[in-house]
Structures are given as structure tokens and as C-alpha cells.
Amino acid sequence: MSAAAPVDKSKPYFPLAGSARDGWSNDEEATATCFCGAVQLKFPTQGPGVVETFVCHCADCRKITASMFASNFSIADRHLTHVRGRENLTAFGQSRTIGSGNTMTNHFCSTCGTLMYRVSSGFPGMSILRIGTVDDFHLHETKLKPQREQFVERRVEWLHPLDGVKQVEGTYNPEN
Ligand SMILES: [Zn+2]
Ligand SMILES: [Zn+2]
């Protein structure tokens, strides 16, 4: 199938993206793989291990993604499996730009630079993964579709709010 062929987004599909060809999904679990294929994670797509899905427009997320926003989903660590390449992850953490004063540590592939997840010192036991690393792109449309946008006051002017998605200024506070 060529990259330009029409895609049926209503069922699982794994487009040619990066070097790994062994991503998979089933009704309960799926893989996330870095661009070069050295690092692969396995996570639940439903149930108690899935904490939340969200888009973040904060300044750090622009820098870290080299794009205008980050598309995230949080998984409880006890439900997250490193299939391969854990030793190939580099960790870089800092707290200077984190409003809460927490340290955010980024874990990215040492070979290709894909950011696989972030961990906040303020939310132990949870990892923030990237929707774009999930191999089954159907999940980007369905189970992993963002539930909220945060730091919307930082969103670039040429992007519009996502239809039907909760809009939050600043970081998310479950008590609000
Ligand atoms: Zn890689
Ligand atoms: Zn952010």
C-alpha cells in the first residue's frame, strides 16, 4: 500500500512510520514504539491502568515536541511494560520551567530521539506517554482521543479548540 492510498480509519491500521514493523493492538492492549524501533512499550488501552488523555499547549511541550503542542496519555506504571530498549532510553529532568515546582523527567530514545514518556515528581507511579508513538493509528482516533486541552491560553492563534474537548487554562487540577 502506498503512503497516498486511502486509509480506513474505522479499524486498526499500522501505517509505514519509522523502522519497526512489529507494533500490534488487541481489545485490551497495544504497543508504542520509537521512530527507530529500538524502544517499545506495551500498555493497556482501557481499564484502571489508563489515567487520562490530553493535549498540552504549554511552552515546554512546544520545545520538547519541536511542534506546537503535545498529545499525551497517562498510564499507571504498574500497567506499563518495557518490551525492549529500556537501556536505550536517556533521562533528562529539570524543574526550572515547571510551574508546580515538580521535576519533569523526559525519557527519550538515545538513538532516534523520540520522547517515549515523561514522569513528574508530583505524580509518582504514573508515566505520560505520547499518542503519536502508538503503533495502531486507529487508537489515535478512538480510545486515545484527547479528553481535554490544557494551557489553552498558550495555544498558537492559528489552531482552534478541539470540538467537544474540555478546555482548561493552565495545568489541570482535578479539584476545579
Ligand atoms: Zn529510537
Ligand atoms: Zn505541556
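Annotations for the structure displayed:
- Taking the numbered list (1) in a loop (DSSP other than H, G, I, E, B); (2) within 16 Å of ligand 1 (Cβ to nearest atom) in turn, T90 passes all entries but (1).
- Look at (1) within 15 Å of S71 (Cβ to Cβ); (2) in contact with a helix residue (DSSP H, G or I) (Cβ under 9 Å, 6 or more places away or on another chain); (3) more than 16 Å from ligand 1 (Cβ to nearest atom) and you find that V134 fails only one, number (3).
- If you go through region 89-118 and pick out every residue that is at pLDDT 95 or above, surrounded by 14 or more Cβ atoms within 10 Å (Cβ to Cβ) and of a type in the set (A, V, I, L, M, F, W, C), you end up with 6.
- Elements of the type strands (runs of 3 or more DSSP E) sitting completely within region 21-82 and holding at least 2 residues that are of a type in the set (A, V, I, L, M, F, W, C) and within 16 Å of ligand 2 (Cβ to nearest atom): these cover 50-56, 70-76.
The values are calculated or read from the model by the stated rules, or taken from the named source; none is laboratory data. These numbers were taken from a predicted model, which means no experiment stands behind them. Backbone-built Cβ (ideal geometry, glycine too); neighbour counts: all protein chains shown.
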